[in-house]
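A short write-up of the structure that comes next.
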Amino acid sequence: MERNAINWFEIPSTDFDRATTFYGAVFETSLPVMEMPIPGGDPLKMAMLPADEGKVGGAVVYLKDHRPGTQGPLLYLNANPDLQAYLDRAVAAGATLLVPKTEIGNGYGFMAVFLDSEGNHMAFHSNA
C-alpha cells in the first residue's frame, strides 16, 4: 500500500470567484468547479487544483464557516520547474510577497511565501 502524509487539502476563500480566478492565473488553467452537498447546510463549493492521477490533490473552497488565515500549517504548492514564474503570476494576480524565492540549502530546492487573494499564508516550492 502506497502511503503519503498528505492526501487532500482545501484552501478556504471568502470570495470564491476571486480565489478561483487567482489560482487559475497562478497555474495557467481553468479550475473545474463542483459543489458537494452538506446535510442540513449550504453546499461546499470547490474549484479543483491541477493534480496528476493518483497524486495529492486539493481545491479552493467556499463554505460560510471556512475562513482564510495566516495561522496554522503552511501549505507549499508545487512550483516546478520554475518557482519564479509561479511567483510572478501570483503577484500579478494580487498576491502579497512575504518571502522572495530563497534557496533552502542542502539540495532541498527553493521556496517563497506569499499571501493569496483571500489572505491565506501560502508558499511555493521547486527543485530549481
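Nothing in this text is a laboratory measurement; each read-out follows from the coordinates by a stated rule. Just so we're clear, the structure is a prediction, and the values are computed from it rather than from any experiment. Neighbour counts run over all protein chains shown; Cβ positions are idealised from the backbone, glycine included.
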Response to the item:
Sparse-neighbourhood loop hits (chymotrypsin sites (Phe, Trp or Tyr not before Pro), the stretch 1-108; DSSP loop; Cβ within 10 Å at most 12 others) -> TYR108
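Quick one: GLU10, GLU118, fewest Cβ neighbours within 10 Å first, how do they rank? Before the final figure, lay out each step's value.
On the way: GLU10 16, GLU118 22.
Ranked by crowding around the Cβ, least crowded first: GLU10, GLU118.
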Worksheet item: Rounded to the nearest 5, what % of the DSSP beta bridges within the chain are antiparallel ones?
Response: 70
Worksheet item: Which of these values of Cα extents along the principal axes in Å was calculated from the structure shown: (i) 50, 40, 28; (ii) 36, 31, 26; (iii) 58, 28, 24?
Response: (i)
Worksheet item: Hey, what angle do you get for helix 83-92 against the long axis of the chain, alpha-carbon based, 0 to 90 degrees rounded to 10?
Response: 50
Practice prompt. Search the structure for amide H atoms under 5 Å from the amide H of SER117, placed 1.01 Å from N in the peptide plane, and list their residues when 5 or more places away or on another chain.
Written response: none
